[in-house]
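K.L.:
This is the structure I want to talk about, given as structure tokens.
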Amino acid sequence: MPTIVALSLLSGLMAVDHRVGWQGLLAQPVFAGVFVGLLTGEPETAIAVGVLLELIYLSILPMRGARIPDQIAGAIVGCGTAALLIQNPGEPLFVFVVAIGVFVGLLAGELGARLTAPLLGIHNRILSSIEFSPETERTSLTRRVFWLHTGSATYVFAVETVSVLILLSAGYFAGARLTRLTGGALVEGAEYWSYLVPAVGAASLIHLFWQHHLRRLLIVCAAVVFILLWLI
Amino acid sequence: MAELGQEIGKFRLFGAFIRLLFLQGLLNRRGMQNLGLVSALSPATKVFDGFTDRTILLKHLSFFNCNPNFTPLVVGGVLKLEEEKRAGKPISDEDIEYFKRALTGPLAAMGDMLFIGNLKPLALTFACIFAIYKLPLGLLAVFLLYNIAIISCRLWGIYFGYAKGWELVDFFSGSEFQKVLSIVEGASASVGGVLLGVLFYRFPQNGQTTLALAGILTAVTLYLLRRDVPASWVAIILFPTTAFIALLIGQD
């Protein structure tokens, strides 16, 4: 439980960086995986989940009002669930745990976006309704903006922390049940899914750079690296 | 009380830069970044409005939306014009508003293309390669370099915008930005290609069938992405499908 609370607080900090600060990649799954790994003592598992989630999320750009999953919730819940599951007694299989982590993370990303959207909508409405009359004193105006800023950061932190606390608790519980209940065939299925899921990432990459003047560069570089690695 | 027409100075510009780092915190549907803009302008404008006048802040509460990494350029330029206006140059409030409107649209588009469309994917692609090959120092380097790039761009922006004022419009009308964008686009696509090569090289390690299936899945996902189906949904739906197929094969 203390680890789950610590991870939820970490997600709050990431949300402040992502929604209030300068978006310094702290909230990206691949880096979130590193922080979750350091916090739980399972960097290999957490980073493996983080990379797979990052590959899947690569094609989703926060532009033109696109509805995007809550990547912070996805990353923390996915990496956290896998890191906590691998610590369970009974030597769970690494690839299976990673697969469960990625799947739970993807679901948490979708659910997290739906959970936080109305709460962040309230925040947005409050900020939109603020009026400053021409009689407002300068000091009172700047002070009000300062407190709005501080309140805004605190609210964003609290919303993400609570949301991830709920999702991570649920995700870990579901993940633990899944690892206990499933038979050999389903374990194989989940493992095979984790081998195939980078293909979704590959498609995301192609989709991202499939512009007329970049297409050739992308294909040539991919072919050269593939051949070089094959030869080595 | 400060004298009217006094220069803003580097220290106050730095104060505006610090506040601009948290610009997105006050994002709202009605005025977008207007409250963040006022927050950033408040320390710098104190110097020429006699610490009591709020009109300069109130007039900047109108709609404002730009790429956060290029907003410091606009803020620097606005501060320069406000300073010149106070110094007696023939600049009206309408001119300043026109300057803001003329710059924010193009800078928002340029910033989105450069940072969200290319620089961020470039950094993340590098990070994925380093993470796949378990190189923590590489990950740390990407994290630091990206943050240094973003923060120094914002710091440069506020001083450059302040130094140029009206000339900013001419500066961004030239072909310089397009050259920078082409370089970053080329780098992003190349590193994207490297990651693609790495991914496809690793598929056969789980059997040749996996390589073939991965190729088919890539093509199908690409088709779905073109039809605005999110990649996350493709991966989610694939999970029970794979488990079901494995269960069927297991029963045989």
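K.L.:
Please verify whether the stretch B:34-55 includes one or more residues that are farther than 18 Å from B:Ile150 by Cβ, at pLDDT below 90, among the basic types (Lys, Arg) and touching a Lys or Arg at 6+ places or on another chain (Cβ under 6 Å).
P.N.:
yes
K.L.:
Still on this structure: Given the structure, is A:Ala15 modelled with pLDDT of 90 or more, more than 10 Å from chain B (Cβ to nearest Cβ), within 24 Å of B:Asp112 (Cα to Cα) and not in a loop (DSSP other than H, G, I, E, B)? If you could, list the steps in order and put the result at the bottom.
P.N.:
On the way: modelled with pLDDT of 90 or more: yes; more than 10 Å from chain B (Cβ to nearest Cβ): yes; within 24 Å of B:Asp112 (Cα to Cα): yes; not in a loop (DSSP other than H, G, I, E, B): yes.
Judged against the criteria, A:Ala15 is a match.
This table checks each residue for (1) acidic (Asp, Glu); (2) within 30 Å of B:Leu114 (Cα to Cα).
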| site | (1), (2) |
| --- | --- |
| B:Lys179 | no, yes |
| B:Ala219 | no, yes |
| B:Asp228 | yes, yes |
| B:Pro240 | no, no |
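K.L.:
Mind checking whether some residue in the stretch B:159-169 is free of Cβ contacts under 8 Å to residues at least 12 places away in the same chain and of a type outside the set (Asp, Glu)? Spell out how you get there, then give the answer.
P.N.:
At the first step, the residues of the stretch B:159-169 found to be free of Cβ contacts under 8 Å to residues at least 12 places away in the same chain are B:167.
Filter again for of a type outside the set (Asp, Glu), leaving none.
No, the conditions are met nowhere in the stretch B:159-169.
K.L.:
Of the numbered conditions (1) hydrophobic (A, V, I, L, M, F, W, C); (2) in contact (Cβ under 8 Å) with a residue 12 or more places away in the chain; (3) more than 8 Å from chain B (Cβ to nearest Cβ), A:Leu38 satisfies every one except a single condition; which is it?
P.N.:
(2)
K.L.:
Of the residues B:Phe160, B:Phe130, only one is more than 10 Å from every other protein chain (Cβ to nearest Cβ), within 30 Å of A:His18 (Cβ to Cβ), modelled with pLDDT of 90 or more and in contact with a Gly (Cβ under 8 Å, 6 or more places away or on another chain); which? Spell out how you get there, then give the answer.
P.N.:
Numbers: B:Phe130 fails: more than 10 Å from every other protein chain (Cβ to nearest Cβ).
Of the residues listed, the single one that is more than 10 Å from every other protein chain (Cβ to nearest Cβ), within 30 Å of A:His18 (Cβ to Cβ), modelled with pLDDT of 90 or more and in contact with a Gly (Cβ under 8 Å, 6 or more places away or on another chain) is B:Phe160.
K.L.:
While we're looking at this one, here's another question. Checking A:Leu127 against (1) in contact with a strand residue (DSSP E or B) (Cβ under 8 Å, 6 or more places away or on another chain); (2) more than 21 Å from A:Gly12 (Cβ to Cβ); (3) among the hydrophobic types (A, V, I, L, M, F, W, C), which test does it fail?
P.N.:
Against the list (1) in contact with a strand residue (DSSP E or B) (Cβ under 8 Å, 6 or more places away or on another chain); (2) more than 21 Å from A:Gly12 (Cβ to Cβ); (3) among the hydrophobic types (A, V, I, L, M, F, W, C), A:Leu127 comes up short only on (2).
K.L.:
Among the residues of the stretch B:214-235, write down those that are outside any helix (DSSP H, G or I) and more than 8 Å from chain A (Cβ to nearest Cβ). Full working, then the answer.
P.N.:
From the stretch B:214-235, those outside any helix (DSSP H, G or I) are B:227-230; that's our starting set.
Result: B:Arg227, B:Asp228, B:Val229.
K.L.:
Working carefully through the options A:Val20, A:Val51, A:Val95, find the one that is of a type outside the set (Ser, Thr, Tyr), within 13 Å of another protein chain (Cβ to nearest Cβ) and surrounded by fewer than 20 Cβ atoms within 10 Å (Cβ to Cβ). Before the answer, list the steps.
P.N.:
Values: A:Val20 fails: surrounded by fewer than 20 Cβ atoms within 10 Å (Cβ to Cβ); A:Val51 fails: surrounded by fewer than 20 Cβ atoms within 10 Å (Cβ to Cβ).
Within the list A:Val20, A:Val51, A:Val95, the selection yields A:Val95.
K.L.:
For the stretch A:116-232, which helices (runs of 4 or more DSSP H) that fit wholly inside it have 1 or more residues that are more than 9 Å from chain B (Cβ to nearest Cβ) and without any contact (Cβ under 8 Å) to a residue 24 or more places away in the chain?
P.N.:
Of the helices (runs of 4 or more DSSP H) lying wholly inside the stretch A:116-232, those with at least 1 residues that are more than 9 Å from chain B (Cβ to nearest Cβ) and without any contact (Cβ under 8 Å) to a residue 24 or more places away in the chain span A:138-181, A:215-231.
K.L.:
Still on this structure: Hey, can you tell me all the residues within the stretch B:181-213 that are in a helix (DSSP H, G or I) and more than 20 Å from A:Arg215 (Cβ to Cβ)?
P.N.:
First, the residues of the stretch B:181-213 that are in a helix (DSSP H, G or I): B:181-206, B:208-213.
Passing the criteria: B:Tyr201, B:Arg202, B:Phe203, B:Pro204, B:Gln205, B:Asn206, B:Gln208, B:Thr209, B:Thr210, B:Leu211, B:Ala212, B:Leu213.
The values are calculated or read from the model by the stated rules, or taken from the named source; none is laboratory data. Predicted model only: the values in this text are computed from it and were never measured. Positions of Cβ are backbone-derived with ideal geometry, glycine not excepted, and every protein chain shown enters the neighbour counts.
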